[in-house]
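Engineer: This is the structure, below, for whatever I ask next.
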Amino acid sequence: MDNREKVVVVRDLYKSFGDLDVLEGVDLDLHREENLVVLGRSGTGKSVLIKIMVGLLRQDSGTMQVLGKEVSKLPLKELNALRLKIGFSFQNSALYDSMTVRENMEFPLVRNVKNLTKKEISMRIEELLEAVGLPQSINQMPSELSGGQKKRIGVARTLVLNPEIMLYDEPTAGLDPITCVDINNLINEVRERYKTTSIVITHDLACAKQTGDRMAVLLDGKFKAMGTFEEVFPRAVDERIKSFYDYNFINS
Amino acid sequence: MAGEADDRKPLLSKKIDKFFTGLADAWNFVRRFFQEVFLPPYEFKEVIHQCYRIGVESLPLISLTGFIVGIVFTNQSRPSLSEFGATSWLPALIAIAIVRAMGPLVTALIAAGKVGSSIGAEIGSMKVTEQIDAMEVSATNPFKFLVVTRVLATTFMIPILVMYTDFVALIGSFINVNGKELVSLSTFFVQVFDAITFLDVFSSVIKSLVFGFTIGIVGCYKGYHSSKGTEGVGRAANSAVVISMFLIFIEELLALQIVNAIRGL
């Protein structure tokens, strides 16, 4: 029994798009400073779950409580206050194309933290770029960065507001195996250094094993298995979870 | 429970329902603009940046087009006037045509092609690459940053560009008239300012404000609602131009009726 504070509580969550039912009664508890990995095949609703968490999508029914607040019932002002406590690292990094790395990182900072001097802003940006290992990229445009560098800058941009919860949407998608390991290490470093609680959405089991305290496998709109990596995978009974494991660790 | 809204049967037919839903969406988008434009925080820096992009970067194209319009329109009008021995009316005729209609229309159509498509494509690509979502989750209002700033910039810059086009077109016309009829610059512009009235200039400015607003809001709306990846971005840019141009012609027609009514024609 985990006695740590619950930062995310999801109960009986349903979401569908037209005739397509994506989430069909999801339940989840996420504890402070825990790293939860949500696994599942493409299109199973993993990203939908975290988008509901930050209010980008709204559930059809059920509850989604983040830091004690029901996200779907928050007025915009309170939702924005909650969003400041959540960092969202997008699958394609979502860096603003028309801005340099510095401007990308300044963007949320100057709009949400008042009374910061230019020097303080610069120091914060430089510190975070140092933390993700890319201090030299400060004046580069996103188009000049590699996929892995973009992911790192994306993470640094979310950290600029000191979030309590980090949401990583497919952090290793489209990256080579060595860069994947770098990104996995970065996720662990962020957690240790900034004491964040994280949800990592992935279908990469190597990433899951390296970054997660707990795995949750999303199948048919529900979590079909939940536990540590060892509890969920090598002894999996469900054929689909077993094949997921076999494909990642045996076939490749 | 899930998907109830989409299971409803269409009231008329799917296409007609979609058309009216689109109209309602567009109306809400315009309404949201007027709600957000007066509320803080104000993105002054971004408005200035967009004014520069829309205004200054359009100058070469607008200059060339305005100049050519002045020359061509003067050349085309000369034979008709000379039949009545009235070529001395050329500066007045050209001035009225350019200030009342050609200047605003040509500038707005060029801006719809250049600026409207670029706004549609830029915002569309930001939408499909989740950059707009990224702004939203960082507690920033993307509508204010992307839409309000661009619509304000087009609304303010198009009238300035129109006045500039009028001037360049008149210079083009003067060069042509000076070459054929040996009219001096001062005589040409005396005739020009004698021909145009306050109502001509005022209606031209008001019309240009409306054209500018149309170009900005249509480009932003199309970009903001684009989907289906890169194909959707292309479609957003394309439909931003087509719809803006269509609306500009409708607005020109309405403006003509209103101004004629004011003149008592």
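The values are calculated or read from the model by the stated rules, or taken from the named source; none is laboratory data. Keep in mind the model is a prediction, meaning the values are calculated, not measured. Quick reminder, even Gly has a Cβ in these numbers, built from the backbone with ideal geometry, and neighbours come from all protein chains shown. Accessible surface areas use protein heavy atoms only, side chains included; no ligands, DNA or RNA. Shrake-Rupley method; radii C 1.70, N 1.55, O 1.52, S 1.80 Å.
Engineer: Which one of these is within 14 Å of chain B (Cβ to nearest Cβ), in contact (Cβ under 8 Å) with a residue 40 or more places away in the chain and under 20 Å from A:LEU161 (Cβ atoms): A:LYS85, A:LYS77?
Structural biologist: After applying the criteria, what remains is A:LYS85.
Engineer: Could you pull out the residue among A:TYR247, A:TYR168 that is open to solvent by 30 Å² or more (accessible area, probe 1.4 Å) and of a type in the set (Ser, Thr, Tyr)?
Structural biologist: A:TYR247
Engineer: Kindly indicate whether B:VAL137 is closer than 30 Å to A:ARG157 by Cα, more than 14 Å from chain A (Cβ to nearest Cβ) and more than 13 Å from the chain's Cα centre (by Cα).
Structural biologist: No, not satisfied.
Engineer: Identify all residues within the stretch A:67-104 that are over 19 Å from B:THR129 (Cβ atoms) and in a strand (DSSP E or B); write none if there are none.
Structural biologist: Matches in the stretch A:67-104: A:LYS69, A:GLU70, A:ILE86.
Engineer: When you look at B:SER118, is it open to solvent by 30 Å² or more (accessible area, probe 1.4 Å), within 14 Å of chain A (Cβ to nearest Cβ) and farther than 24 Å from B:VAL210 by Cβ, yes or no?
Structural biologist: no
Engineer: Which residue out of A:GLY45, A:GLY87, A:GLY18 is among the small types (Gly, Ala, Ser), modelled with pLDDT under 95 and under 16 Å from the mean Cα position of the chain (by Cα)?
Structural biologist: The match here is A:GLY45.
Engineer: Please state which one of B:ILE123, B:ILE158 is under 30 Å from A:ARG83 (Cα atoms) and either among the basic types (Lys, Arg) or in contact with a Leu (Cβ under 8 Å, 6 or more places away or on another chain) (or both).
Structural biologist: B:ILE123
Engineer: Please go through the stretch A:199-219 and give me each residue that is closer than 19 Å to A:MET53 by Cα and free of Cβ contacts under 8 Å to residues at least 60 places away in the same chain, ordered by number.
Structural biologist: Selection gives nothing.
Engineer: Being surrounded by 13 or more Cβ atoms within 10 Å (Cβ to Cβ) and of a type in the set (Gly, Ala, Ser) is the filter here, so list the residues in the stretch B:60-81 that pass it.
Structural biologist: Matches in the stretch B:60-81: B:SER63, B:GLY66, B:GLY70, B:SER77.
Engineer: Only one of (1) surrounded by fewer than 16 Cβ atoms within 10 Å (Cβ to Cβ); (2) out of contact with any Phe, Trp or Tyr (no Cβ under 8 Å at 6 or more places or on another chain); (3) over 19 Å from B:ALA111 (Cβ atoms) is not met by B:ASN178, so which one is it?
Structural biologist: (2)
Engineer: Okay, moving on. Within the group A:VAL37, A:VAL48, which residue is surrounded by 21 or more Cβ atoms within 10 Å (Cβ to Cβ) and more than 15 Å from A:GLY212 (Cα to Cα)?
Structural biologist: A:VAL48
Engineer: Please work out which one of (1) open to solvent by 10 Å² or more (accessible area, probe 1.4 Å); (2) modelled with pLDDT under 95 is the condition B:LEU90 fails and give its number.
Structural biologist: Every condition holds for B:LEU90 apart from (1).
Engineer: Looking at the structure I just gave you, is A:LYS51 within 12 Å of chain B (Cβ to nearest Cβ), part of a helix (DSSP H, G or I) and basic (Lys, Arg)?
Structural biologist: yes
Engineer: I need the full set of residues from the stretch B:140-164 which are within 11 Å of chain A (Cβ to nearest Cβ) and more than 22 Å from B:GLY229 (Cβ to Cβ), in order please.
Structural biologist: Residues satisfying the conditions are B:THR140, B:ASN141, B:LYS144, B:PHE145.
Engineer: From the list A:THR179, A:THR172, A:THR196, A:THR228, which one is in contact (Cβ under 8 Å) with a residue 60 or more places away in the chain and of a type in the set (Ser, Thr, Tyr)?
Structural biologist: Selected residue: A:THR196, the only one of A:THR179, A:THR172, A:THR196, A:THR228 that is in contact (Cβ under 8 Å) with a residue 60 or more places away in the chain and of a type in the set (Ser, Thr, Tyr).
Engineer: Check off (1) at pLDDT 95 or above; (2) more than 14 Å from every other protein chain (Cβ to nearest Cβ) for A:MET166 and give me the number that stays unchecked.
Structural biologist: That leaves (2) as the condition not met.
Engineer: Any idea which residue in the stretch A:108-127 is nearest to the other protein chains (Cβ to nearest Cβ), counting only those that are in contact (Cβ under 8 Å) with a residue 24 or more places away in the chain and in a helix (DSSP H, G or I)?
Structural biologist: It comes out as A:PRO108.
Engineer: Next question, about the same structure. For the structure I just gave you, tell me whether A:ASP27 is open to solvent by 70 Å² or more (accessible area, probe 1.4 Å), away from every other protein chain (no Cβ under 14 Å), in a strand (DSSP E or B) and of a type in the set (Asp, Glu).
Structural biologist: Judged against the criteria, A:ASP27 is a match.
Engineer: Yes or no: B:VAL168 farther than 15 Å from A:ALA94 by Cα, away from chain A (no Cβ under 11 Å), crowded, with 24+ Cβ neighbours inside 10 Å and β-branched (Val, Ile, Thr)?
Structural biologist: Considered against the rule, which asks whether it is farther than 15 Å from A:ALA94 by Cα, away from chain A (no Cβ under 11 Å), crowded, with 24+ Cβ neighbours inside 10 Å and β-branched (Val, Ile, Thr), B:VAL168 comes out as no.
Engineer: Please go through the stretch A:128-151 and give me each residue that is away from chain B (no Cβ under 14 Å), out of contact with any Leu (no Cβ under 8 Å at 6 or more places or on another chain), surrounded by fewer than 20 Cβ atoms within 10 Å (Cβ to Cβ) and not in a loop (DSSP other than H, G, I, E, B), ordered by number.
Structural biologist: A:GLU130, A:GLN136, A:GLU144, listed by residue number.
Here is a yes/no grid of residues against (1) free of Cβ contacts under 8 Å to residues at least 12 places away in the same chain; (2) open to solvent by less than 50 Å² (accessible area, probe 1.4 Å):
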site	(1), (2)
B:SER138	yes, yes
B:PRO159	no, yes
B:LEU185	yes, no
B:VAL192	no, yes
B:GLY216	no, yes
B:GLY219	no, yes
B:SER226	no, yes
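Engineer: Here is a further query. Mind counting the residues in the stretch A:188-211 that are assigned to a helix (DSSP H, G or I), aliphatic (A, V, I, L, M) and within 11 Å of A:GLU170 (Cα to Cα)?
Structural biologist: 1
Engineer: Yes or no: A:GLY62 under 25 Å from B:SER138 (Cβ atoms), within 14 Å of another protein chain (Cβ to nearest Cβ) and assigned to a strand (DSSP E or B)?
Structural biologist: So A:GLY62 does not fit the description; no.
Engineer: Return the residue satisfying two criteria in turn: it lies in the stretch A:89-108 and is buried (at least 20 other Cβ atoms within 10 Å of the Cβ) and small (Gly, Ala, Ser), and of such residues it is farthest from A:LEU167 (Cα to Cα).
Structural biologist: Top of the filtered list is A:ALA94.
Engineer: Can A:GLY154 be described as touching a strand residue (DSSP E or B) at 6+ places or on another chain (Cβ under 9 Å), small (Gly, Ala, Ser) and not in a strand (DSSP E or B)?
Structural biologist: yes
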